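Just below is one structure, and these are the notes that go with it.
Read-outs: derived from the displayed coordinates by stated rules, not from any lab. Since we're looking at a predicted model, the values are computed, not measured. For neighbour counting, all protein chains shown are included, and Cβ atoms are generated from backbone atoms with ideal geometry for every residue, glycine included.
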Amino acid sequence: MSAKLIIVIALFVAAVGGAVTLALLEGGIEYRTIPEITSSNYEGQRVKVRGQVLNVQSEFKPTRFTAMDIPAEGQTAPADPRVIQVIYEGDDVPQGLKKGAHVTMEGRFDSKRGAFVATLLQTQCPSRYQGKELTTADEVQPAP
């Protein structure tokens, strides 16, 4: 085998290995519920959380809003849903961030601030959740 062919094969293997490692590291962030992340078990760990926006206090950087837990697919909404304050420190606020919107947030819970500090925020297309809003969304008040 020629030296050029060995080098090309080694570079290809290194590139594929690097891509797989990166994909595993980035894809390894787990979805958690609001009650889970507010427990001491996940303090400071990077997680993804789904929630329904209850109100938006500030759309300017940092964006602040209150969200409540969304039950997993096929589960019913709890009678006493958990509410969390969210601080989004990213640059672009999604256009659909408004009361009742479903959001997916990525970040860490900061117990000192008493809030989930999101670095990535996505709103779902309204057609995915319209008609599926939790009936208690308007009645839930943020925890003090």
>> Under 27 Å between alpha carbons, and skipping anything fewer than 8 positions from residue 48 in its own chain: which lysines qualify?
In response: 61, 98, 99, 112, 132
> Under a Cβ-Cβ cut-off of 13 Å, what is the net charge of the residues other than residue 90 that fall near it, where Lys and Arg count +1 and Asp and Glu count -1?
Replying inline: -3
> Sorting 8, 49 on the 10 Å Cβ count, fewest up front, what's the list?
Replying inline: 8, 49
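If r is the Cβ-Cβ distance from residue 42 to residue 92 and R0 is 25 Å, what FRET efficiency results, to the nearest 0.05?
Using R0 = 25 Å, I get an efficiency of 0.45.
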>> Under the rule a/c < 1.5 gives rounded, and otherwise a/b versus b/c splits prolate from oblate, where does the stretch 33-129 land using the Cα gyration tensor?
In response: oblate
> Got a sec? Which residues in the stretch 96-111 would a label at residue 59 touch, if it sits 7 Å along Cα→Cβ and we count backbone N under 16 Å?
Replying inline: 96-102
> Put a dot 7 Å past each Cα toward the Cβ at residue 108 and residue 11; how far apart are the dots in nm?
Replying inline: 3.8 nm
> Given Cα pairs under 8 Å that are at least 6 residues apart, what percent is the relative contact order of the stretch 33-129?
Replying inline: 31 percent
